[in-house]
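Enquirer: The structure is given below, and queries will be raised subsequently.
Read the figures in this text as sums done on the coordinates, not as results from a lab. In this text the structure is predicted, and so the values were computed from the model without any measurement. Here Cβ is always computed from backbone atoms with ideal geometry, including for glycine, and neighbour counts include all displayed protein chains.
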Amino acid sequence: MAAPSPGPREVLAPSPEAGCRAVTSSRRGLLWRLRDKQSRLGLFEISPGHELHGMTCMMQAGLWAATQVSMDHPPTGFELGTLAGPAFAWLRRSLGLAEDDYQAALGPGGPYLQFLSTSKSKASFFLSHDQRFFLKTQGRREVQALLAHLPRYVQHLQRHPHSLLARLLGVHSLRVDRGKKTYFIVMQSVFYPAGRISERYDIKGCEVSRWVDPAPEGSPIVLVLKDLNFQGKTIKLGPQRNWFLRQMELDTTFLRELNVLDYSLLMAFQCLHEDERGLGSSLIFRTARSVQGAQSPEESGVQNRRLLPDAPNALHILDGPEQRYFLGVVDLATVYGLRKRLEHLWKTLRYPGRTFSTVSPARYARRLCQWVEEHTE
């Protein structure tokens with residue numbers, strides 16, 4: 001690409017040439033910033049002074065370098081490793097994602113964004129400045145599991161191109177001054193575009209630690225709520241319900257076969273405008289951007305394909321009669337090994353008669369599918 005790369009000491013403070021070229025005195029620039037600020041409501045820029053600013057700037061510079069064919073002045077002072085690069089490059093291409101767009105979104109053209117996470121894990125969560133991509137730090141054990149499962153993950157997406165599984169786009173390591181490596185993943189954000197989303201949920205199909213105190217009314221804070229917050233509510237999909245139930249069954253069966261548990265169904269609501277309701281076939285197309293391209297009618301039934309909305313992030317969008325739903329299965333790297341088996345025994349004693357997340361993969365998959373069936377119509 002012709003765009004300049006960040007220099008050795010520009011990593012922690014991206015220069016105007018790295019993407020901040022807006023003319024702030026112009027009226028157009030002011031309107032753009034106001035609109036951009038509104039679309040980021042509840043998100044916080046990781047700007048200078050933020051405790052994670054240095055790390056995220058190194059991530060940006062490293063990802064920028066990793067997606068270029070060659071660089072005259074590669075960034076120094078840290079190492080960014082790319083794991084299974086060819087496989088993830090193929091996944092990005094299969095989704096129709098241009099490398100230039102990927103590079104521009106993750107590079108130093110604007111600060112990453114942070115939101116208040118309700119997760120109990122120690123991971124850090126970020127969004128790219130355009131909110132299209134989600135970045136999450138991961139432990140070494142989880143990264144090893146992801147890479148071990150990568151061939152079967154790719155195969156599952158080939159067999160079921162409209163799968164609800166999160167689309168992983170890259171796995172990387174970051175090491176500063178020969179220190180300990182920090183691992184992180186990049187994936188498509190399930191909640192994109194987020195401008196009109198009204199509610200967000202993280203569903204595991206259990207009750208222990210599955211309540212979040214809602215933000216005060218009128219607060220700009222964006223919270224992801226949990227199972228107990230969803231009590232009394234229903235996902236109204238209409239004719240799309242059967243497809244959704246079947247796809248959840250296919251995806252959770254796959255995760256059960258990998259001996260994986262503790263994944264979540266991410267879900268968000270967006271009210272459809274009056275002129276968007278009931279448009280049906282005028283707003284849909286049979287995608288050629290999914291992993292295998294076009295298919296015959298016979299294959300369609302076997303692979304559980306559907307007609308996708310003509311919208312960004314179509315694989316994670318499902319329209320009901322009155323609402324648009326953003327749906328995706330995330331956190332695919334927790335294996336039911338000895339540590340989780342011991343945790344299951346402890347929780348059985350700690351929470352008698354209650355449901356919790358650490359159960360066998362078979363039970364976990366069955367319970368989440370049951371939750372979906374009970375909460376959809």
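Enquirer: Roughly how compact is the stretch 182-277, stated as its Cα Rg over 2.2 N^0.38 Å to two decimals?
Expert: Values: Rg = 15.6 Å, N = 96, 2.2 N^0.38 = 12.5 Å.
That works out to 1.25 for the stretch 182-277.
Enquirer: From the backbone phi of the stretch 191-197, what are the Karplus-calculated ³J(HN,Hα) couplings (6.51 cos²θ - 1.76 cosθ + 1.60, θ = phi - 60°) in whole Hz, Gly and Pro given as x?
Expert: 8, 9, x, 9, x, 10, 5
Enquirer: Still on this structure, I have one more. So which aspartates and glutamates pass the test for LYS122, namely a Cα distance under 14 Å, with those fewer than 8 places away in the same chain ruled out?
Expert: Of all the aspartates and glutamates, those that pass the test against LYS122 - Cα under 14 Å, at least 8 places apart if same chain - are GLU142, ASP331.
Enquirer: Mind ordering 81-89, 57-65 by average Cβ neighbours within 10 Å, highest first? Spell out each step's value before the answer.
Expert: Values: 81-89: 15.4, 57-65: 24.7.
Going from most to least packed, we get 57-65, 81-89.
Enquirer: Once the dipole of the stretch 61-178 is set up with Lys and Arg at +1 and Asp and Glu at -1 on Cβ about the Cα centre, which of GLY139, LEU83, GLY110 lies farthest towards its positive end?
Expert: GLY139
Enquirer: Continuing with the same structure: Can you check what the Kirkwood hydrodynamic radius comes to for the stretch 94-214, Cα pairs only, in Å to one decimal?
Expert: This gives a value of 16.5 Å.
Enquirer: Rounded if a/c is under 1.5, else prolate if a/b is larger than b/c, else oblate: which is the stretch 97-158, with a ≥ b ≥ c the root eigenvalues of its Cα gyration tensor?
Expert: Values: a/c = 2.41, a/b = 1.19, b/c = 2.02.
It comes out oblate by the Cα gyration axes.
Enquirer: What distance in nm lies between label points placed 7 Å from Cα along the C-beta direction at ALA215 and GLU274?
Expert: About 2.9 nm, to one decimal.
Enquirer: What pairs from LYS233/LYS347; LYS233/LYS340; LYS180/LYS347; LYS181/LYS340; LYS136/LYS180; LYS181/LYS226 go past 22 Å between their alpha carbons? Provide the component values of the computation, followed by the final result.
Expert: Values: LYS233/LYS347 28 Å; LYS233/LYS340 31 Å; LYS180/LYS347 32 Å; LYS181/LYS340 24 Å; LYS136/LYS180 17 Å; LYS181/LYS226 31 Å.
Going by Cα-Cα distance, LYS233/LYS347; LYS233/LYS340; LYS180/LYS347; LYS181/LYS340; LYS181/LYS226 fall outside the 22 Å limit.
Enquirer: Just order 211-217, 322-328 by mean Cβ neighbour count inside 10 Å, highest at the front, would you? Spell out each step's value before the answer.
Expert: Details: 211-217: 11.1, 322-328: 19.4.
Packing order, densest peptide first, comes out as 322-328, 211-217.
Enquirer: What is the gain in length, in nm to one decimal, between VAL176 and THR253 on full extension, counting 0.36 nm per residue of separation less the C-alpha to C-alpha distance?
Expert: On the way: separation 77, 0.36 × 77 = 27.72 nm, distance 3.95 nm.
Value of the extension gain: 23.8 nm.
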